[in-house]
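Visitor: Below: one structure in structure tokens.
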Amino acid sequence: MPVGIVPPDSFPMGSGSKRESVAKSTPKRSLSSPIATFDRIGIGKRAKHRSGIRRVSKGGQVSINRDPSLLSTMAAESMINPTAAPFRFFLLGATGRTGLPFLAQALARGHVVTIFVRDVSKLPVALASHPRLRTFTGELHEADKMTRAMGEANPDVVFVMLASETAPYTAVSIGTHSVLQAIAAVKPNPMPFISIAAWGLGPTGDYISDFFTRTLVGIAKTLFWSKPHADFEKQLAEIEEARNEGLIRPILILPPLLNNRGKTDTYLSGEASTIKDAMGVTSFVSRASMADLCLRLGEKAASGKEVPQWVGITNP
């Protein structure tokens, strides 16, 4: 589920667009744009480019979009092998269903990851004892402890992978508030800040135009996750304020439904307005695939490359 918003196998926050058009082929270009609309990341797949069709070697990826603002320049390399340029990451939510696969993938890539968790015993032994893992313990509201951890970590990117799934349904906003205070205390320059929300939040609410889908989402908001949804909205408001103050460079990942399956060979991602037609009512993506995208975008942002603020992800 989208980190505390959509219940598993429940109402997706999709646009109601036709899935059939994206399940078998790369989407058509917009009439108003000379470039394709979003990225395909694949293993042993074929992807269309402006220059034609190119085969991607196993373990690699291909980017359809050549516009830097739309995730265009991802390197064709496996994310399993260590990177030549490791970064320092700071992670909230490391013991969660998305945080754990992200942590494992980031450490495997050679990055140094500092985590702030309540209970380190929830980590698998292999991860807890990893030489590139730095662990700090505390509660999400303890901004002073988080600031000390942030100061020691000196991160290149901050990741927030929290969920407001249990009462009082405030983990996302409280954790975000504390980590923003920590960033303000230790970082003079805008910090790349990656967080996971849900399709339908922020500007993507306007992309849910189909009446049936809007009705389902409206019912879901009222009956199932009004409190988690309100907490996400509170988080987004604070993120926008921090962005306007020049404190962070926010990157918000917006999945539809989430499941706990393994990382898929192929998934689609792109700036939200360009991928909206692929985010249908049955759209889904695995948490492991979403962790992979977060890692790719984190490396890109840490390298100083441009990354959109609102990023959609789904299966083709």
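Visitor: Quick check: is even one residue across the stretch 278-289 in contact with a Leu (Cβ under 6 Å, 6 or more places away or on another chain) and within 25 Å of Pro86 (Cα to Cα)?
Guide: Looking through the stretch 278-289, at least one residue is in contact with a Leu (Cβ under 6 Å, 6 or more places away or on another chain) and within 25 Å of Pro86 (Cα to Cα).
Visitor: Residues of the stretch 178-193 being surrounded by fewer than 21 Cβ atoms within 10 Å (Cβ to Cβ), free of Cβ contacts under 8 Å to residues at least 60 places away in the same chain and in a helix (DSSP H, G or I), which ones?
Guide: Across the stretch 178-193, the qualifying residues are Gln181, Ala185, Val186.
Visitor: Mind checking whether some residue in the stretch 266-275 is under 29 Å from Asn244 (Cβ atoms), at pLDDT 95 or above, buried (at least 23 other Cβ atoms within 10 Å of the Cβ) and not aromatic (Phe, Trp, Tyr)?
Guide: no
Visitor: Here is a follow-up. Any chance you could count how many residues in the stretch 234-275 are assigned to a strand (DSSP E or B), over 19 Å from Glu306 (Cβ atoms) and hydroxyl-bearing (Ser, Thr, Tyr)?
Guide: 1
Visitor: Give the number of residues within the stretch 143-170 that are surrounded by fewer than 16 Cβ atoms within 10 Å (Cβ to Cβ), out of contact with any strand residue (DSSP E or B) (no Cβ under 8 Å at 6 or more places or on another chain) and either closer than 18 Å to Gln235 by Cα or touching a residue at least 24 places away in the same chain (Cβ under 8 Å) (or both).
Guide: Total satisfying the criteria: 4.
Visitor: May I ask you to list the residues in the stretch 97-122 that are crowded, with 16+ Cβ neighbours inside 10 Å, farther than 16 Å from Val158 by Cβ, in contact with a helix residue (DSSP H, G or I) (Cβ under 8 Å, 6 or more places away or on another chain) and not basic (Lys, Arg)?
Guide: Hits for the stretch 97-122 are Leu100, Pro101, Ala104, Gln105, Leu107.
Visitor: Pick from the stretch 248-265 the residues that are touching a Ser or Thr at 6+ places or on another chain (Cβ under 9 Å) and among the β-branched types (Val, Ile, Thr): which of them is surrounded by the most Cβ atoms within 10 Å (Cβ to Cβ)?
Guide: It comes out as Ile253.
Visitor: So, in the stretch 200-247, of the ones that are at pLDDT below 95, β-branched (Val, Ile, Thr) and surrounded by 15 or more Cβ atoms within 10 Å (Cβ to Cβ), which residue ends up nearest to the chain's Cα centre (by Cα)?
Guide: The extreme case among them is Thr204.
Matching residues to (1) outside any strand (DSSP E or B); (2) modelled with pLDDT of 95 or more; (3) of a type outside the set (A, V, I, L, M):
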{"position": "Ile64", "(1), (2), (3)": "yes, no, no"}
{"position": "Thr73", "(1), (2), (3)": "yes, no, yes"}
{"position": "Pro82", "(1), (2), (3)": "yes, no, yes"}
{"position": "Thr95", "(1), (2), (3)": "yes, yes, yes"}
{"position": "His141", "(1), (2), (3)": "yes, yes, yes"}
{"position": "Met146", "(1), (2), (3)": "yes, yes, no"}
{"position": "Val158", "(1), (2), (3)": "no, yes, no"}
{"position": "Pro168", "(1), (2), (3)": "yes, no, yes"}
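Visitor: For Ala237, which of the numbered conditions (1) farther than 18 Å from Ser195 by Cβ; (2) without any contact (Cβ under 8 Å) to a residue 60 or more places away in the chain fails to hold?
Guide: (1)
Visitor: When the stretch 186-204 is examined, which residues are found to be under 17 Å from Asp156 (Cβ atoms) and not charged (D, E, K, R)?
Guide: Matches in the stretch 186-204: Val186, Pro188, Asn189, Pro190, Met191, Pro192, Phe193, Ile194, Ser195.
Visitor: In addition: Quickly run through the stretch 276-294 and pick out the residues that are of a type outside the set (A, V, I, L, M), part of a helix (DSSP H, G or I) and either closer than 21 Å to Leu91 by Cα or free of Cβ contacts under 8 Å to residues at least 60 places away in the same chain (or both).
Guide: Arg287, Ser289, Asp292, Cys294
Visitor: If you don't mind, there's one more thing I want to ask. Of all residues being farther than 22 Å from Glu240 by Cβ and of a type in the set (Lys, Arg) in the stretch 276-304, which is surrounded by the fewest Cβ atoms within 10 Å (Cβ to Cβ)? Just the residue, please.
Guide: Restricting to residues being farther than 22 Å from Glu240 by Cβ and of a type in the set (Lys, Arg), the top hit is Arg296.
The values are calculated or read from the model by the stated rules, or taken from the named source; none is laboratory data. The shown structure was predicted, so the numbers you read here are calculated from the model rather than taken from an experiment. Ideal geometry is used to build each Cβ from the backbone, glycine not excepted, and the neighbour counts take in all protein chains shown.
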